[in-house]
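Working notes, structure below.
Computed from the coordinates by the stated procedures, all read-outs in this text should not be read as laboratory data. Bear in mind that the values here come from a model prediction, so they are computed numbers and not experimental data. FYI the Cβ positions are ideal-geometry reconstructions off the backbone, even for glycines, and counts take in every protein chain you see.
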Amino acid sequence: MDTRKVIILGSGPAGLTSALYAARADLKPLVLKGIDAGGQLMLTTDVENYPGFPDAVLGPELMEKMEKQAARFEAELLHQEATRVDLSQRPFQIWSGDEEFRALALIIATGASARMLGLDSERRLLGHGVSTCATCDGFFFRGQDLVVVGGGDSALEEAIFLTRFATKVTIVHRRSALRASKIMQDRAFANDKIEFVWDSVVAEILGDGQVSGARVRHAQTGETRDIPAGGVFVAIGHTPNTSLFEGQLDMDQGYITVQEPTTKTSVDGVFAAGDVVDHIYRQAVTAAGMGCQAGMDTERYLEAQGQ
């Protein structure tokens, strides 16, 4: 079986940028794109904050351009998902079903998945008023009433950010008290554009083709009421896609730990980039930046190994 110099897991901005750098260094990388190829940007419509696109770009179109750019320099991309890895020895072993691959270096860019409410209406209206990223989409909701679901720091951050554009932001939380830090709570309570609906869950997102509101159900009484809104922001956290690497790499709350400012993990020759590492910024541009670092770190590592 032939051993690759580098295999990259994931095909969002981090994976494809690392592929571009590795390919231009003549490492002929193999990219296993995964099931959710293209990452979270595939769920967004207009991307206005990625540099170089003054008129905005569709999320899927941006990912297609990145993929073509990596392929132009002889990165090989397969629409397959890694199902098992063995990082205990080099070359590393990676399986996709029954198929086995080997690599001298590995770049992990498997990203994170936004936690969702699990409603059919949510899935249907994702990208049509349902969003998981206020910084990405808030601008499109100028002058509208909005709903934010969640009670942690990220939910309050999103809500406070959205008050720049919205007329009113209603936070729906399933408990009677917030989980967020005291400073974030103080800010939210002091903001006169923010209202709270306590002890409640979103039972359904309303709208035909575009969000028109949220039906909330009181957790104790079971009573429902409808809140009119042009957008619903789900902010109940993210889950890094790292179950494959449990027990093999050092992690912190599921996110892979790297030796900053590099992308080196706890295993020599394994690098990680993007939302699988970063739970603070989670932007396409920061993921691409880390992908560049991972590609360069890998090239230097193989050079030092004489490979």
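What you get for the chain, charging only the Cβ of Lys and Arg (+1) and of Asp and Glu (-1), is a dipole of about 380 debye around the Cα centre. A protection proxy built from the mean count of other Cβ atoms within 10 Å ranks the segments 212-218, 137-143, 181-187, 110-116, most packed first, as 110-116, 212-218, 137-143, 181-187.
Quick check: residue separation of His128 and Ser181 times 0.36 nm, minus the Cα distance between them. What number comes out in nm? All intermediate terms of the calculation are to be shown ahead of the outcome.
Details: separation 53, 0.36 × 53 = 19.08 nm, distance 3.08 nm.
Length gained, His128 through Ser181: 16.0 nm.
Determine the equivalent ellipsoid of the stretch 116-234 by diagonalising the alpha-carbon gyration tensor, then write out the semi-axes as square roots of 5 times the eigenvalues, largest first, rounded to whole Å. Could the numbers behind the result be given before it?
On the way: eigenvalues 78, 64, 28 Å².
Equivalent-ellipsoid dimensions as semi-axes: 20, 18, 12 Å.
When only alpha carbons of the stretch 30-97 are considered, Rg and Dmax amount to 15.2, 48 Å. A simple spin-label model places pseudo-atoms 7 Å from Cα toward Cβ; at His279 and Gln259 they are separated by 2.3 nm. Each 20 Å bin from zero holds the following percent of Cα-Cα pairs in the chain: 33, 50, 17, 0.
Do you know the relative contact order of the stretch 116-234, to the nearest whole percent, from alpha carbon pairs under 8 angstrom that are 6+ apart?
Details: 258 pairs, mean separation 37.2, N = 119.
Contact order relative to length: 31 percent.
Its Cα gyration tensor gives the stretch 180-288 an equivalent ellipsoid. The semi-axes, each the square root of 5 times an eigenvalue, are 38, 17, 15 Å from largest down. Tell me which of Gly143, Gly118, Ala190 sits at the most positive position along the dipole axis of the stretch 116-234, charges placed on C-beta atoms (Lys, Arg +1; Asp, Glu -1). Going by the Cα projections, it comes out as Ala190. Its relative contact order, with pairs defined as Cα atoms under 8 Å and 6+ residues apart, puts the chain at 21 percent. By the Cβ distance rule (another cysteine Cβ under 4.7 Å), the unpaired cysteines of the chain are Cys292. The separation of the stretch 154-215 from the stretch 5-73, counted between C-alpha centres, amounts to 33 Å.
Multiply the residue separation of Thr135 and Asp268 by 0.36 nm, subtract the distance between their alpha-carbon atoms, and state the gained length in nm to one decimal. Don't skip to the end; give the middle numbers.
On the way: separation 133, 0.36 × 133 = 47.88 nm, distance 3.52 nm.
Length gained, Thr135 through Asp268: 44.4 nm.
So what is the calculated 222 nm ellipticity per residue for the chain, using -39500 (n - 2.57) for each DSSP H run with n of 4 or more, over all residues, to the nearest 500 deg cm²/dmol?
Values: 7 runs with 76 residues, N = 307.
About -7500 deg cm²/dmol.
The stretch between Thr239 and Asn49, if pulled fully straight at 0.36 nm per residue, gains 66.1 nm over its current Cα-Cα span.
Per residue, the average separation of C-alpha pairs within less than 8 Å and at least 6 apart gives the stretch 194-263 a relative contact order of 19 percent.
For the chain, modelled as a GNM whose springs connect Cα atoms under 10 angstrom apart, the maximal fluctuation among Lys68, Lys28, Lys264 occurs at Lys68. Between Glu76, Glu246, Glu61, the GNM of the chain built on Cα springs shorter than 10 angstrom shows Glu246 fluctuating the most.
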